[in-house]
Each structure stands twice: as structure tokens, then as C-alpha cells.
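Structure first, commentary second.
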Amino acid sequence: MRKLGGGLLKRVLVATSNPGKIRDLIGAAAAHSVQIEMLPGFSLLPSVVEDGATFEANARKKAEFYSKHAEGEIVIADDSGLEVDALGCAPGVRSARYAADEHNLDDESGNSDDEANNARLLRELHDLAPAAKLLLLSMHDEPTVVAAAVAAGADGLVLKGAIGRDLMPAIDALLIASGPLTAFCLFLFAYGARRIPYSTLGLLQYIAPSLQLACGVFAFHEPFERTHVAGFALIWTALVIYAGDGLWRAR
């Protein structure tokens, strides 16, 4: 413990190397006069075999093990896993040993690495019926499973490898160039808007959202129901009447 503002601040060590968890715990513990720190040298310590029957059992096992490396300190740990409904909530509590379980290895064999666990998960999801698939993303060579809210009967996609990493420099350059390019287009718009009637400018303003609508419907297959069709038709009917009246008056 150490003094802070006249009071004692209790120190708690967390057995994790995840800075996000540490940050969240620091925020939650601040109001309770608790100082959260990462367990010193955690990355150099051996991993704990996560063979518990529940997440709580694994967390308790890790906390008890790592507390031996910090005598006199309060050490806590957590455990979490991925549960996929289509796989009967697997891997669940066995997330850290999912690949090892596939080969029927005993619980003393240790955890399997993330790459092997993810590889098994991807294989099993790939073999599911289309209606049971989930959307999977693989980013920066670390497969990240994103559980999408997929309705019954919806199809999914399984990506077996990392994609897009080689394109990142080009994407960064494109994002940097988009600023000046956008400014140049806005300059041209302002230059041209002063040279045409406002009535014509108003009609032109409807072209961009109409093109965005077409992109959403035909390229991304977004829903375009009868109510949407009716609204779209009414808008453009009004625009045609307005434009026709303007042309008639101009004769």
C-alpha cells in the first residue's frame, strides 16, 4: 500500500499482458482507492494450463499460480473465451486448448497456441451449413473472429487467411490524397455554382444521393422495399414537374 491524499491506496497486481484490460481495471478501481498494476515480469513467466471446467476455475488457477511469483501482493487474474452458438458454444472454456483437444491430448499437455486454435475454429466453421456460418475476419496475420448477428437462414463467409496487409501502404496513400482531392472538387463546385441558375443547382443536388442509393441497392444489396420505392418515385416526380415548369417558362 502507499499513501495518496492522506489515505492508503491498496495495490492489486493483474496477471495479464493486455494493456486494454489494465486500462479498464484502473478506471473501475480508481473510485475504490485501489491501485491497479500489471504483474511485473508477467511475459517472462510460464503460462498456466487452462484445464478448468469453468472460466472462474481457470481464473482462480491462474491467480493462485501467479501469486507465488509476487509474495505478499494481491494478485488477480481473469479468463475468457469464445462461444459459437453454431458449434454448441464451443470452444468456450476450452478456448486456450481447442487445438489440443482435437488431438485428444491430456490436460497436462499445456495450452495450444492461438494460431492452432484459430485454425481449428476456421475449419469447423467452414464445414457448417451456409445458414449456420458466421462472418470471420482475418487481419494482420492474427485471425480475429467477429461474431455477426446473423439471422436464421443467412449465409456467411469464412476467410482462411489474412487479407489486405499488402495493400495497407496504398490505402494509407489514398486516404492522405483524399483530403486535397476533396478540397479540389469542392473548389470546382463553388466555382461552377456561381455560373448557373439556382434552380439548376437545386436539381443537381439530387444526383449524388440518387447515385448513393443505386450503389447501396445494386452493389451492396441493401433493402429497397415498396415504401422506399414510393418515396423515391414521389421525390423524382416532383423534380420532373419542377424542371418541366422551368423549361416551359423559359420558352
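The values are calculated or read from the model by the stated rules, or taken from the named source; none is laboratory data. Just so we're clear, the structure is a prediction, and the values are computed from it rather than from any experiment. For neighbour counting, all protein chains shown are included, and Cβ atoms are generated from backbone atoms with ideal geometry for every residue, glycine included.
Looking only at helices (runs of 4 or more DSSP H) that lie completely in segment 135-251, which have at least 1 residues being at pLDDT below 85 and of a type outside the set (S, T, Y)?
On the way: elements: 168-193, 198-204, 207-214, 226-250.
So the answer is 168-193, 226-250.
Residue selection: S43 fails the criterion of being more than 17 Å from I74 (Cβ to Cβ), touching a helix residue (DSSP H, G or I) at 6+ places or on another chain (Cβ under 6 Å) and modelled with pLDDT under 90. With respect to the stated conditions, E50 fails to be touching a Cys at 6+ places or on another chain (Cβ under 9 Å), surrounded by 13 or more Cβ atoms within 10 Å (Cβ to Cβ) and at pLDDT below 90. If you go through segment 79-99 and pick out every residue that is assigned to a loop (DSSP other than H, G, I, E, B) and touching a Ser or Thr at 6+ places or on another chain (Cβ under 7 Å), you end up with 2. Restricting attention to segment 1-37 and to residues that are of a type in the set (S, T, Y) and surrounded by 13 or more Cβ atoms within 10 Å (Cβ to Cβ), the residue that is modelled with the highest pLDDT turns out to be T16.
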